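Peer 1: Handing you a structure now.
The values are calculated or read from the model by the stated rules, or taken from the named source; none is laboratory data. No experiment lies behind these values; they were computed from the predicted model shown. Neighbour counts run over all protein chains shown; Cβ positions are idealised from the backbone, glycine included. The area values use the complete protein model at the heavy-atom level, side chains included, leaving out ligands, DNA and RNA. Shrake-Rupley method; radii C 1.70, N 1.55, O 1.52, S 1.80 Å.
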Amino acid sequence: MPLRTQTLSLLLLLLAAPFLAIAEPVGERPNILLLCIDTLRADRLSIYGYERPTSPVIDALLGQGVRFLDARTVEPLTGPASASLITSRFPHEHGATRNGLRMRPGMPSLPKLLAARGYATAAFVGNWSLKDRLTGLGEHFDLYQEVFSRKRWFGLFNSEATGEDLTAEVVDWIGEHRRARPGRPYFVWVQYVEPHAPYRLWEDLGARLGIDTATAVSKSDRYDTEVAFVDRQLGDLLDRLFGGIRVPDDTILVFASDHGESLGDHDYWGHGEFVYDNSLRIPMGLVWNGRVESGVAIAQPALIIDLVPTLLGLLGLPSSERFLGYDWSTVLVGGAEAPQRATYYQAHRGTVQMDHTSVEARVGGLLELGRVVGNRKEVLDLRHGTVRIYDLSRDPDELTDLSSPGETPSAELLAWRREVEKGLQASSDLPPPDLDAESLARLRALGYLD
């Protein structure tokens, strides 16, 4: 081959190298199964200390790997939290700050990066607020399956799916994937809607939990039966996929909730308007048998946005600098010391209205901002211009406000406010809400009101 031809061929090969690297075979990379439970408080699971046996499957599952004892979401709303989960960005950055507001198009995400490396990616969601039309999440998956097949809410309308519906869809897809694409790894995200309000009473599970379903049953009791029900569904899913609760060595299983639930604490039912820990604290854990040690409990603070960089670190894949979460992989497999860090939070109004502009919907929706460092939690209530301070070690239920009259926010919390508001103001390039009457009715039925 002439020298000029050799030089040209080498140049073309070098130019193409990044694309060839993306297209290279994925080899023995593991499957990834991300199981999310909507509206699940960590302190309603047995493995997190709850007295009722609500979660035998989850307990056994998290016992196989690493469990984070102090994990939180970054915003207690399903749409924003889910977008943050897959992009490792805060809501004011990805744009989906409220249910009904779409993400910025073209953002980097975990499923996009994995797809570029040869993974098949699929999502199965059962909460109406996660519709692609309302979130823009569908852009990030090969398949984005919205499962709204049953009249879950007291037979009123087909607004959600029960756990059985989602389980069946996931099992069918993974089975077909194994047959049609043997050897190709998958990334599957499943979002179960239970135990989201309005809480359904599962009478067959009441006896196991010590609930007398023949008498008046409280909302809190109903919530517990919903937790037990979705726990049972997870057991069914794992049994049908893996033949039991043990996760096979070729699969990383991630478990998390998108946010918690107030359950009447602070005279509030629902979630979204406050950054109290009852809505922020979530169960979160990871299992990779043969690689990540089992039975580990990490006490240092973790965030839902940490999952993306952690998974990429475990896979040995480069993480985009636009992913903001902490990479726990060196702690999980390398024995590195876990970090102590300040963590930040935001709360926005729930469902938007059709007559909002993009900026109005986002800027006008901001309600509270929070910062946690060590055991000190500082909250800025933007509705009243007040500050609340709690000592989480002595007062985990946040019942005693330690702030002084007229207390002003710390410099760090003020800086967080400026950063969040700047991001919200930069949303003028995003489209306004586009909710039809059906979507508004469904979201309101779920308790998301403007």
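Peer 1: Specify which of the listed residues (Gln233, Gln300) is within 30 Å of Pro339 (Cβ to Cβ), in contact with an Asp or Glu (Cβ under 9 Å, 6 or more places away or on another chain) and touching a residue at least 24 places away in the same chain (Cβ under 8 Å).
Peer 2: Gln300
Peer 1: Ser55 is checked against (1) among the small types (Gly, Ala, Ser); (2) over 16 Å from Ile282 (Cβ atoms); (3) surrounded by 24 or more Cβ atoms within 10 Å (Cβ to Cβ) and fails just one. What number does that condition carry?
Peer 2: Only one criterion in (1) among the small types (Gly, Ala, Ser); (2) over 16 Å from Ile282 (Cβ atoms); (3) surrounded by 24 or more Cβ atoms within 10 Å (Cβ to Cβ) is unmet by Ser55, namely (2).
Peer 1: Right, here's the next one. Considering Gly423, Gly374, which residue is over 18 Å from Glu273 (Cα atoms), open to solvent by 10 Å² or more (accessible area, probe 1.4 Å), without any contact (Cβ under 8 Å) to a residue 60 or more places away in the chain and out of contact with any Gly (no Cβ under 8 Å at 6 or more places or on another chain)?
Peer 2: Gly374
Peer 1: Determine the pairs where a residue that is on the phi > 0 side of the Ramachandran plot, located within region 52-69, has a partner that is surrounded by fewer than 23 Cβ atoms within 10 Å (Cβ to Cβ) and assigned to a loop (DSSP other than H, G, I, E, B) with Cβ atoms under 7 Å apart, the partner being 6 or more residues away or on another chain.
Peer 2: No pair meets every condition.
Peer 1: Please go through region 161-193 and give me each residue that is assigned to a helix (DSSP H, G or I), open to solvent by 10 Å² or more (accessible area, probe 1.4 Å) and in contact (Cβ under 8 Å) with a residue 40 or more places away in the chain, ordered by number.
Peer 2: Once the filter is applied, which keeps residues that are assigned to a helix (DSSP H, G or I), open to solvent by 10 Å² or more (accessible area, probe 1.4 Å) and in contact (Cβ under 8 Å) with a residue 40 or more places away in the chain, region 161-193 yields Glu164, Glu169, Val171, Trp173.
Peer 1: Residues that are of a type in the set (S, T, N, Q) and surrounded by fewer than 24 Cβ atoms within 10 Å (Cβ to Cβ): find the helices (runs of 4 or more DSSP H) completely inside region 58-155 holding 3 or more of those.
Peer 2: The helices (runs of 4 or more DSSP H) meeting that bar number zero.
Peer 1: Then there's this: Scan region 311-333 for residues that are free of Cβ contacts under 8 Å to residues at least 60 places away in the same chain, of a type outside the set (Phe, Trp, Tyr) and either open to solvent by 60 Å² or more (accessible area, probe 1.4 Å) or assigned to a loop (DSSP other than H, G, I, E, B) (or both) and report the count.
Peer 2: Residues in region 311-333 being free of Cβ contacts under 8 Å to residues at least 60 places away in the same chain, of a type outside the set (Phe, Trp, Tyr) and either open to solvent by 60 Å² or more (accessible area, probe 1.4 Å) or assigned to a loop (DSSP other than H, G, I, E, B) (or both): 7 in total.
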